[in-house]
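These notes concern the structure reproduced below.
The values are calculated or read from the model by the stated rules, or taken from the named source; none is laboratory data. Please read all numbers here as calculations on a predicted model, not as lab measurements. In this analysis, Cβ positions are derived from the backbone assuming ideal geometry, glycine residues included, and neighbour counts consider all displayed protein chains. Only protein heavy atoms, including side chains, enter the accessible area calculation; ligands, DNA and RNA are left aside. Shrake-Rupley method; radii C 1.70, N 1.55, O 1.52, S 1.80 Å.
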Amino acid sequence: MKLATLHNGSRDGQLVVVSRDLSQAVSVANIVTTLQQALDDWSNIAPKLEQVSQQLNGGELSEAMPFTEHGCLSPLPRAYQWADGSAYVNHVELVRKARGAEMPASFWTDPLMYQGGSDTFLAPKQDIEMASTEWGVDFESEIAIITDDVAMGVSDADAADHIKLLMLVNDVSLRNLIPGELAKGFGFYQSKPSSAFSPVAVTPDELGEHWRDGKVHLPLMTHLNDRLFGQPNAGVDMTFNFPTLVAHAAKTRPLGAGCVIGSGTVSNYDRSAGSSCLAEQRMLEIIADGKPSTPFMQYGDSVKIEMVADGQSIFGSIEQKLVGYMEG
């Protein structure tokens with residue numbers, strides 16, 4: 001099934017079930033109000049939502065309404081936890097190579113992960129507001145999963161059963177602030193502003209054969225200013241699959257229902273597929289030419305992130321423009 005959260009004036013919005021072709025939606029307020037409430041009692045609520053989904057896709061619901069992505073918040077407008085991994089280690093290897101740094105062997109066996117801000121996710125069509133382009137504003141096209149309650153110390157095999165929903169994410173990064181923060185030895189904070197997620201979150205079964213081995217085997221398309229920037233396959237060169245990332249996050253703590261975990265920037269060794277962030281393109285230019293020629297985002301630049309199967313958008317699209325921030 002496919003789920004979305006419509007803006008209704010409240011912080012957490014109104015949960016709706018969306019048709020497979022993203023053309024219609026139906027309110028499920030008689031079952032549950034928000035996605036977080038559904039995740040808190042997923043084993044009981046999900047079957048009821050699935051029944052509505054089947055009726056909606058079967059054309060049986062007269063109360064169905066047209067679905068518009070522009071009316072959506074991120075599926076979880078705020079979450080108890082947002083942790084982003086770096087599952088495409090070739091991306092990390094490339095970045096380190098460009099600055100002449102060796103990559104520790106442990107990076108291939110132990111996932112990288114940081115805990116991001118989860119209290120103010122952007123809507124999928126919401127502008128990215130930044131006070132300065134000198135901060136090096138970059139997009140990062142990724143896939144994310146949402147879990148139910150996960151016990152501490154869960155195994156990779158058991159972690160797979162806790163992946164309840166998938167969505168896309170633009171993990172906005174401020175590249176010129178990152179080095180200074182990491183040099184302090186305490187991780188990201190100011191360099192990782194609010195992220196945005198796709199209008200629709202889907203259950204793994206909606207992906208059919210494209211969901212296997214804990215990975216999504218489809219290209220993730222990114223357009224910069226309406227031109228295709230990259231479409232690497234998310235199922236290729238993913239060193240750590242999603243169950244492994246969940247198990248990593250839960251090694252020393254339980255994860256609460258509604259925990260969001262990202263894949264990190266989708267990246268392929270085959271560079272002909274393009275990139276999912278500006279930093280990777282710039283690193284390739286540094287390696288080839290000794291300096292980057294691609295700028296970071298400037299005011300007015302737009303980014304679109306989408307995944308398509310059989311000609312149909314799966315999650316809807318993230319479409320954002322970079323604009324200046326005016327306090328107040």
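Okay, here's what the table says:
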read-out	value
Nearest-10 value in Å² for the accessible area of Cys72, using the 1.4 Å probe	10
Amide proton proximity set for Gly116, modelled H, under 5 Å, gap of 5+	Trp82, Ala83, Asp84
Across Lys125/Lys291; Lys164/Lys251; Lys97/Lys192; Lys97/Lys291, pairs whose alpha-carbon gap is larger than 25 Å	Lys125/Lys291
In sequence order, calculated HN-Hα J values of region 24-31 (Karplus, 6.51, -1.76, 1.60; Hz; x Gly/Pro)	9, 8, 9, 5, 10, 4, 6, 9
Given charges at beta-carbon only (K, R positive; D, E negative), |dipole| of the chain in Debye	560
Mean Cβ count within 10 Å, highest first, over the residues of peptides 220-227, 122-129	122-129, 220-227
Region 258-325 - charge dipole about Cα centre, Lys and Arg +1 at Cβ, Asp and Glu -1, debye rounded to 20	180
In sequence order, calculated HN-Hα J values of region 221-233 (Karplus, 6.51, -1.76, 1.60; Hz; x Gly/Pro)	8, 10, 10, 10, 6, 6, 10, 4, 9, x, 8, x, 7
Within the chain, percent of DSSP bridges classed antiparallel, to nearest 5	85
Accessible surface ranking that places the most exposed of Asp213, Asp110 first, with a 1.4 angstrom probe	Asp213, Asp110
Peptides 12-25, 132-145 ordered by average Cβ neighbours within 10 Å, highest first	132-145, 12-25
Segments 61-68, 242-249 sorted - mean Cβ within 10 Å per residue, highest first	242-249, 61-68
Accessible surface of region 82-152, 1.4 Å probe, proportion on carbon and sulfur as whole %	49
Span from the region 125-162 Cα centroid across to the region 24-84 one, whole angstrom	20
Dipole of region 1-154 [Lys/Arg +1, Asp/Glu -1 at C-beta], most positive-end residue of Thr33, Pro77, Leu22	Leu22
Of Asn30, Asn233, Asn170, the one that fluctuates the most in a GNM where the chain has Cα springs shorter than 10 Å	Asn30
Semi-axis lengths, Å, region 200-280, gyration tensor of Cα atoms, sqrt of 5 times eigenvalues	25, 15, 13
Cβ-defined net charge surrounding Pro111, 13 Å radius [Lys, Arg +1; Asp, Glu -1]	-2
Sites Asn30 and Met103 - FRET efficiency at Förster radius 45 Å, r taken between beta-carbons, to 0.05	0.30
